[in-house]
Structure formats: C-alpha cells, structure tokens
Amino acid sequence: ASGRQRASLATLNMEQQDDRDKIFALVADLTNPEQRESALLELSKRREAFADLAPILWHSFGTIAALLQEIVSIYPLLSPPSLTAHASNRVCNALALLQCVASHPETRTLFLNAHIPLFLYPFLNTVSKTRPFEYLRLTSLGVIGALVKVDDSEVINFLLSTEIIPLCLRIMETGSELSKTVATFIVQKILLDDMGLSYICAIAERFYAVSTVLANMMQMLTEQPSARLLKHIVRCYLRLSENSRAREALRQCLPDSLRDATFSAALKDDVSTKRWLAQLLYNITTDANP
C-alpha cells in the first residue's frame, strides 16, 4: 500500500509541477502581444485555483506593465462611448488578474503603493448603460471591493485621498443592481473605518451627498426590492448614526420607509439586518450614544 501511495504522491507532485509550468508559461505569454489575449483568458479562468498567482504576476518582468497597457488601450473607447463586447471582455480579464493581485496579502500593499487603482477610475467614471460598459464598471468595482474586503486603514486612506466616494455614489444611483451593490459595499467599508466615518461626517456637504444617494436608493427599493442592497444601505445608515453630528441630521432625513413597516416582509428572515435596523432606529430616537 505504501508503494502505491508513494507512486500516487509522485504523480500528484508531477501534476502540480506541470500546472506551475503552465502558469509560468501563460504569465510569460502576457508580455508577448500575439499571445496576450489567450493568456489573459486562460489565467483569469485559473486564477482561483492557483494560490500563488498574484506574487508571480507582480514579480514577473513586464507583466504588470502589460496589464496596465491593456487598461490604457481602452481609454480612447470611453469617450465617445464605443466599447465593444470583445474589447470589454478582454480588458475585464486583465482586471480580474489585477483583482487577484489586490486580494493577495503579499501584493496588496505593493499594488496600493504603485497607485494602480487610479488606472481604473476612468472606467468608474463612465455613464454609458450598454452591457460592455456595465461589465467594465462592475469588474473595476470588484478590484476596489477586493481591496476594502480586508480591514486596512492604509487602503481607506488611499481611497479617501483619491476621491473614490463620488465615483461610487454615482454608480449607486445609476448602475445595475449588482454594480450598485458593490459600490454600496465599498462605501460601507469606508464608513466602518473610523477615519472614513470622520471624513464623511466632517463637512455637511459630504454627509448630505452620501445620505441623499442612500435616500434615493431607498426610494428605488420600494419599487424594485433587493434584500442584498437593502442590507448594505441599512449598515451604512447604522454606521452614520454612530457619529453625533450625522445622528442629529438622520433624525430629520432618515427615509420613512426605514421607520415604518415597508420592508418588514423583505427582512423577515434576515436576522442581522433586522438587528442593525433596530439599533439604527434606537440610535436616532435616543441620546444614549455619546
């Protein structure tokens, strides 16, 4: 039996080495303009299965430059909007690899220090409602979402200093449901950081920019309910209510649909969101919080 185990282990090791060799070959292909498109597609498909892909992408010669080249080459198609489905899919495969780099603990800070998220902001700034543009925005949001998933003040500080909030707010109002959800999640994660909450509540205009968009979204949810989106919005409101100035303002401007039973059915089975909503209503009706 032990001989069979050794043989199967050797086979497994050979297969793993084969996989590594294939990944290295595909990464090398990224710097070859003729091979790049197929390498982007193949690597974006395999990125979940290969844990060390992010450090390999980051430290391989010319690879990140090649991915940025893919992004920059799309800029001329943004205005006037002329992005095709094929071009959108190709750049989104490059963005998927950047998301992999943004998610990995070894490469996240390097990714941030190189200011690579800034290359995505022109994509977030687009307003065309066609599917190629919607897919481009959603995939770009996914990269920012991957950065904020880990609670890291360095990430929040970078995002605040580069004006991500106005870009997210516009998508929260005008994007597809999925884009709205990811954009709201990013704003929620910024608010959950003490520096982010202070930043948004420091100036009345900033607070009202955020609260107005949240209120508009609540109005839309009364017509087109989405439990996932509602959860993120309630969490944003609850966090705002933990700031004394914002709490005062919310007493006046919190939507009635959150005060009455409008969403009772939608929240019936969602224990955590019901608890957040109860805490929010408690916060704005009492002076219990300092």
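Just so you know, all these numbers are worked out from the coordinates, no wet-lab data involved. No experiment lies behind these values; they were computed from the predicted model shown. Cβ atoms come from the backbone with ideal geometry, glycine included; neighbour counts cover every protein chain shown.
Karplus-based coupling profile of the stretch 136-144, in residue order and whole Hz: 5, 5, 4, 5, 5, 4, x, 5, 5, with θ = phi - 60° in 6.51 cos²θ - 1.76 cosθ + 1.60 and x standing for Gly or Pro. Distance between the modelled labels on residue 271 and residue 177, one decimal in nanometres: 2.5 nm (7 Å Cα→Cβ projection).
Scan the stretch 188-290 for trypsin sites (Lys or Arg not before Pro) in coil per DSSP, keeping those whose Cβ has at most 13 other Cβ atoms within 10 Å, and list them by number.
Taking the stretch 188-290 and a limit of 13 other Cβ atoms within 10 Å, the loop trypsin sites (Lys or Arg not before Pro) found are 268.
Placing R0 at 30 angstrom, the Cβ-Cβ distance between residue 127 and residue 45 gives a FRET efficiency of 0.50 after rounding to 0.05.
Can you compute the helix-only [θ] at 222 nm over the chain? Use -39500 (n - 2.57) per DSSP H run of at least 4 residues, normalise by all residues, nearest 500 deg cm²/dmol.
-23000 deg cm²/dmol
Relative to the longest principal axis of the C-alpha atoms of the chain, give the angle of the C-alpha long axis of helix 227-240, reported between 0 and 90° and rounded to the nearest 10°. The helix 227-240 is inclined about 60 degrees to the chain. Note on the chain: lysine pairs with Cα distance below 22 Å, sequence gap of 8 or more or different chains, count 13.
Applying a DSSP loop filter and a limit of 16 other Cβ atoms within 10 Å to the GluC sites (Glu not before Pro) in the stretch 134-194 leaves 163.
Subtracting the Cα-Cα distance of residue 244 and residue 61 from 0.36 nm times their residue separation leaves 60.8 nm of extension gain. Stokes-Einstein diffusion of the stretch 201-256 at 20 °C, 1.002 mPa s viscosity, Kirkwood radius from Cα pairs, rounded to a whole number: 186 µm²/s. Scanning the chain for chymotrypsin sites (Phe, Trp or Tyr not before Pro) in DSSP loops with at most 16 neighbouring Cβ atoms within 10 Å leaves 62-290 as the longest stretch between them. Here the 3J(HN,Hα) profile of the stretch 176-184, calculated from phi with Karplus coefficients 6.51, -1.76 and 1.60 at θ = phi - 60°, is 5, 4, 5, 5, 4, 5, 5, 4, 5 Hz, Gly and Pro shown as x. Taking a spot 7 Å from the Cα of residue 228 along the direction of its beta carbon, which residues of the stretch 65-92 have an amide N less than 11 Å from it? Correct set: none at all. The separation of the stretch 30-93 from the stretch 176-205, counted between C-alpha centres, amounts to 29 Å.
Taking 30 Å as R0, compute the FRET efficiency from the Cβ-Cβ separation of residue 35 and residue 157 and round it to 0.05. Efficiency, rounded to the nearest 0.05: 0.20. The rule of thumb for compact globular proteins, 2.2 N^0.38 Å, goes into the C-alpha radius of gyration of the stretch 58-175 1.02 times. Equivalent ellipsoid of the stretch 106-163: semi-axes from √(5λ) of the C-alpha gyration tensor, largest first, are 23, 11, 10 Å.
Which one of 184, 138, 169 is farthest out on the positive end of the charge dipole of the stretch 77-218, using unit charges on Cβ (Lys, Arg +1; Asp, Glu -1) and the Cα centre as origin? Working it through, the farthest residue towards the positive pole turns out to be 138.
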